[in-house]
Amino acid sequence: MALSGSALGLMEASVYAPEVFARGLPASLLSGEQAEGRAVSVEPVAGPAPLLSLQGIGLSFGGVVALADIDLSVNPGEIRAIIGPNGAGKSSLINVISGVYRPDRGHIGLHGIGYAQVPTQRLARLGVARTFQNLALFKGLSVLDNVAAGLAYKVRSNFAGQVLGIGRSREERRDSLNRADQILDFLDLAAVRDRLAGTLPYGLQKRVELARALVAEPRLLLLDEPMAGMTANEKSEMAAFVRAARDRFATTVVLIEHDVGVVMGLSDRIAVLDYGRKIADATPDEVRNDPRVIDAYLGVASDNEALSRNEGRAGI
Amino acid sequence: MAAIPAEFSSAPVLPKWVVPVLLLAFAYGVVPLIGSSYLFEAILLPFLALSLAGVGLNILTGYAGQVSLGSAAFMAAGAFAAYNFNLRVEGLPLIGSIFLAGIVAAAIGIVFGLPSLRLRGFYLAVSTLAAQFFVQWALTKFSWFSNDSASGVIDAPRLSISGFALDGAVGRYFFALTIVAVLTFLAHRLVSSQTGRNLIAVRDNETAARIIGIPVLKTKLLAFAISSFIIGVAGVIWAFAYLRTVEPAGFNLDRSFQILFIIIIGGLASIRGAFFGAALIVVFPLALSRLGGFLLGDVFDSGVLDMSQRIVLGALIILFLILEPDGLVALWDRIRRRLLLAWQTT
Ligand SMILES: Nc1ncnc2c1ncn2[C@@H]1O[C@H](COP(=O)(O)OP(=O)(O)OP(=O)(O)O)[C@@H](O)[C@H]1O
Ligand SMILES: [Mg+2]
């Protein structure tokens, strides 16, 4: 996987330095931070507070600049797409938002709390869930257990209680299985519930990953190419699931996707990256007609789109 | 390492507890009546000790995906700790010594598991060698551990549980069987618990595990602790019930490899696999020596036996890694399913 090795080393070595720079946050989140003595400064912000805001994010690997001075704000409830050619820095951006990478510069504001690096091990508790560009399921677990694992952050029983079957362990297990089953029904995965995740076809594995992320009912859902490698039918199915998830759980979605047709239809706003820079950030219609975007990306991508539409027709 | 357990068969199966319960009933009720002392001394006792060690290593390597070459060190730690608790703590029952020995092994396991927070795969395996060499060195260097015995070899204490002596071959067999059965049952509970699923998650995708809030560092250290506890107790059985002596040299790197081979051949991430693998490792040299003696007569002396053993075993491991990475367990399940289907269609 692309984010092993150096990335993890980076993560463990880092010091988290969150600071508050917006208001109107849920009290529970804020008080938790303040109790740890980490929240330091408060800056007033005009308008509705964004759920996620990136400020001046810069990240490079050796000589390669993956992200340069990226600002991005995501409002509650919107589906926010990030598009751009291969290597533009889209996955790096999601890795920065989820704390897998620590940016060299800039801040990540989540629910109004600012971080130099997002604390990955608390990510789920912060209401953030994500999927990966390359399949990242637990191959040796059943589909059901993969999805139930999405609730691992809530587990409070210890291993001795679990082994002896005492304390809250049984109750926890029952609850998480119930919720996993609900999500499996919602995403139409009940038929493969007991299969080992690694034995499923690619498209279904992608969907199980979405289920694992959704089961925690995150406030922010980061999807890194959830439809990559799918047939046109699978893509439109997946797009419908993403929209349904947003509507049902009031989840805010950040979506990376190469299929421009899907992106235009699904998203409220689109940010376009090229060589680590943000070259456009607007509504689908504006982006579609932006000459810089056409030059950098759409000129190439529209071929792909036409191609996948033909595939779709052939499939029907 | 591919460690995906075989899928459940679609054929109708008995409830899961039936086979283990029948096996236990057989092991307690029938084996003592029909077994010779050779069966207990040369086969069943080492089989039980190595199976338990395999169960322990499987939790760490098969389930949690952390490769370790230090198993024999944890066996040694367990054996010597139990010996010293038994010797030095007045009035401590044998079971207490064994439990505390497991705790000591677990503590050492945690210390040598710390590199796993940074290292993985090959590098981690090499760093667990440190445990292997350090423990052996310490046990040899400080004669206090072996109660200042001149040879470094010490006799195991008499086995008795609440005044009930278990010194004969059958008694030691009951002693070993009971401990192995209890710990195996607990290990089975563990791997099917939330903690067990966390182990698999960390093994299959550490980054994803971290993202969904599994405490990765804690999970890894817990795997080292639990695994070392079980392997430590296996060391006690090895020393107290099987060999009846305790010496550091018996717990060398060869032993560590042997236990690793047991779980590779038996099946990674399978509790049953440890028993399959241990059975093969114990029975195979005996069978080979009989066969060699029968076919080749006097030419097949202990030197030849040792060499042919290594060659055949090495070949077996390579074969398993290539043809059946899920081990004897997967092979067994496949054969059983075929037989069931054949039986159904007739
Ligand atoms: N862990 C890493 N180590 C070194 N270089 C990296 C790493 N991650 C990303 N990069 C580099 O950063 C740049 C941006 O990569 P990124 O994966 O973010 O692109 P992307 O927009 O997601 O591309 P794609 O559409 O192909 O997924 C690339 O040049 C890539 O090689
Ligand atoms: Mg990418």
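The values are calculated or read from the model by the stated rules, or taken from the named source; none is laboratory data. Just so it is clear, the model here is predicted, and its values are computed rather than measured. Don't worry about glycine lacking a Cβ; one is built from the backbone with ideal geometry, like all the others, and counts go over all protein chains shown.
Only a single criterion out of (1) within 16 Å of ligand 1 (Cβ to nearest atom); (2) away from chain B (no Cβ under 13 Å) is not satisfied by A:Arg243, namely (1). Of all residues in segment A:252-284, those satisfying the criterion of being under 19 Å from A:Asn75 (Cβ atoms), touching a Leu at 6+ places or on another chain (Cβ under 7 Å) and small (Gly, Ala, Ser) are A:Ser267, A:Ala271. In segment A:83-93, which residues are surrounded by fewer than 24 Cβ atoms within 10 Å (Cβ to Cβ) and within 9 Å of ligand 2 (Cβ to nearest atom)? Of everything in segment A:83-93, those that are surrounded by fewer than 24 Cβ atoms within 10 Å (Cβ to Cβ) and within 9 Å of ligand 2 (Cβ to nearest atom) turn out to be A:Asn86, A:Gly87, A:Ser91.
Okay, residues lined up against (1) in contact (Cβ under 8 Å) with a residue 12 or more places away in the chain; (2) under 11 Å from B:Leu50 (Cα atoms); (3) among the basic types (Lys, Arg); (4) surrounded by fewer than 24 Cβ atoms within 10 Å (Cβ to Cβ):
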| site | (1), (2), (3), (4) |
| --- | --- |
| B:Ala234 | yes, yes, no, no |
| B:Ala239 | yes, no, no, no |
| B:Gly273 | yes, no, no, no |
| B:Ile281 | yes, yes, no, yes |
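The number of residues in segment A:113-138 that are hydrophobic (A, V, I, L, M, F, W, C) and within 16 Å of ligand 2 (Cβ to nearest atom) comes to 3. Do you know which of the residues in segment A:57-82 that are farther than 22 Å from A:Tyr115 by Cβ and at pLDDT 95 or above is farthest from ligand 2 (Cβ to nearest atom)? Among residues in segment A:57-82 that are farther than 22 Å from A:Tyr115 by Cβ and at pLDDT 95 or above, the one farthest from ligand 2 (Cβ to nearest atom) is A:Ile79.
Which residues, taken from segment A:162-176, are surrounded by 17 or more Cβ atoms within 10 Å (Cβ to Cβ) and either modelled with pLDDT of 90 or more or away from chain B (no Cβ under 12 Å) (or both)? Across segment A:162-176, the qualifying residues are A:Gln162, A:Val163, A:Glu172, A:Arg173, A:Ser176. Show me the helices (runs of 4 or more DSSP H) found entirely inside segment B:164-245 where at least 3 residues are within 12 Å of chain A (Cβ to nearest Cβ) and closer than 28 Å to B:Pro46 by Cβ. Fully inside segment B:164-245 and qualifying: B:169-191, B:216-236. Taking A:Arg80 as the residue in question, decide whether it is crowded, with 19+ Cβ neighbours inside 10 Å and more than 27 Å from A:Gly261 (Cα to Cα). So A:Arg80 fails the test. Here A:Gln117 passes the criteria (1) at the interface with chain B (Cβ under 8 Å from one of its Cβ atoms); (2) touching a Lys or Arg at 6+ places or on another chain (Cβ under 6 Å); (3) assigned to a loop (DSSP other than H, G, I, E, B); (4) not aliphatic (A, V, I, L, M) except the one numbered (1).
Taking the criterion of being within 14 Å of chain B (Cβ to nearest Cβ) and either assigned to a strand (DSSP E or B) or among the hydrophobic types (A, V, I, L, M, F, W, C) (or both), the residues of segment A:58-109 that qualify are A:Ile94, A:Val96, A:Ile97, A:Val100.
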